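Chemist: A single structure is presented below for examination.
None of the figures in this text is laboratory data; all of them are computed from the coordinates on show. Bear in mind the structure is a predicted one, so any value in this text is a computation, not a measurement. Here Cβ is always computed from backbone atoms with ideal geometry, including for glycine, and neighbour counts include all displayed protein chains.
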Amino acid sequence: MSALVPRPDILTARRLLAVQPHPDDNEIGAGALLARLCALGCVVRYVTVTDGAMGTADAALAPAELARRRLVEADAAAAVLGVDGGRHLGHRDLVEGPMPSLRQELLGEIAAFDPDFLLTCDPWLPYESHPDHRNVGLAVAEAACFIGFPHVPGAPRAAVRQPAVAFYATAHPNVRIAAGEFWERKWQAIAEHRSQFDPVGLLQLRALVEEQSTGEEGPYEAFKVLHPVYLHFNPAAVTA
């Protein structure tokens, strides 16, 4: 990053808004970081965009029942990390096409909570086929970019600070954070999502994640952390 615009240190976050497409994404992408931040005294709030009702291979399980289960699981998983379950926006899972109202909703969430950091999935992950991940990540980035423009629909009339953004599930990480003692807490939280992972599936997921994110220091989580100046008209963002 440019010496003129130093990279924000996410471990210094005091108020973080973690916006996830589905009820388990925050834990999978950043569970250890979230547990660490809570232990450091950071106030973390979740915003879950969709109800996760399509997330099953069981044709006999009604989407409405799955959505109900996932709501309970999401709050239980967040509590394991020390996070308030936060807000569930209730959008339908697997949205077709853009979500035109989402940026406006997120502007309101940012204005109400006043975070210094936003956390979400990277919408520019190559080969990402899930529209909810693309739409939600992009809407978060747009909201961070436009929060200071009072005439943008949904933006606050009074000035608020512009938060930095950290993306998980990214192909261009610029920060690695050792999971340390919080690695087991991450997996305890993920285990609360019983509708998504039976014991065998949980072991398989953990093996895959650890294969991709274990270094000399042990397991870590990787993020693309950007000052908001990189979110508009800035080709240097890719290598920042």
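Chemist: Tally up the residues in the stretch 1-39 that are closer than 26 Å to SER195 by Cα and in contact with a Pro (Cβ under 8 Å, 6 or more places away or on another chain), please.
Modeler: Total satisfying the criteria: 2.
Chemist: Right, something else. Say whether the condition of being hydrophobic (A, V, I, L, M, F, W, C), out of contact with any strand residue (DSSP E or B) (no Cβ under 8 Å at 6 or more places or on another chain), buried (at least 22 other Cβ atoms within 10 Å of the Cβ) and closer than 18 Å to TYR168 by Cα is met by at least one residue in the stretch 35-55.
Modeler: yes
Chemist: Which residues, counting only those in the stretch 23-71, are polar (S, T, N, Q) and under 18 Å from ARG87 (Cβ atoms)?
Modeler: Answer for the stretch 23-71, where residues must be polar (S, T, N, Q) and under 18 Å from ARG87 (Cβ atoms): ASN26, THR48, THR50.
Chemist: List pairs: first in the stretch 129-154 and closer than 16 Å to LEU119 by Cβ, second surrounded by fewer than 18 Cβ atoms within 10 Å (Cβ to Cβ) and among the aromatic types (Phe, Trp, Tyr), Cβ under 8 Å, 6+ apart or cross-chain?
Modeler: These pairs meet every condition: GLY137/TRP124.
Chemist: Follow-up question, since we're still on this one. When only residues in the stretch 62-101 that are part of a loop (DSSP other than H, G, I, E, B) and touching a residue at least 40 places away in the same chain (Cβ under 8 Å) count, which is surrounded by the fewest Cβ atoms within 10 Å (Cβ to Cβ)?
Modeler: Taking the candidates together, the pick is ARG92.
Chemist: Looking only at residues that are in contact with a His (Cβ under 6 Å, 6 or more places away or on another chain) and in a strand (DSSP E or B) in the stretch 40-57, which one is farthest from PHE197 (Cα to Cα)?
Modeler: It comes out as VAL49.
Chemist: Another question, then. Can you tell me which residues in the stretch 155-188 are part of a loop (DSSP other than H, G, I, E, B), touching a residue at least 60 places away in the same chain (Cβ under 8 Å) and within 17 Å of the chain's Cα centre (by Cα)?
Modeler: Passing the criteria: PRO163, ALA169, HIS172, ASN174, ALA179.
Chemist: In the stretch 205-240, what residues are assigned to a loop (DSSP other than H, G, I, E, B), among the polar types (S, T, N, Q) and over 17 Å from PHE182 (Cα atoms)?
Modeler: ASN234, THR239, listed by residue number.
Chemist: Look at HIS151 and say whether it is farther than 26 Å from VAL83 by Cα and either assigned to a strand (DSSP E or B) or not basic (Lys, Arg) (or both).
Modeler: In short, yes.
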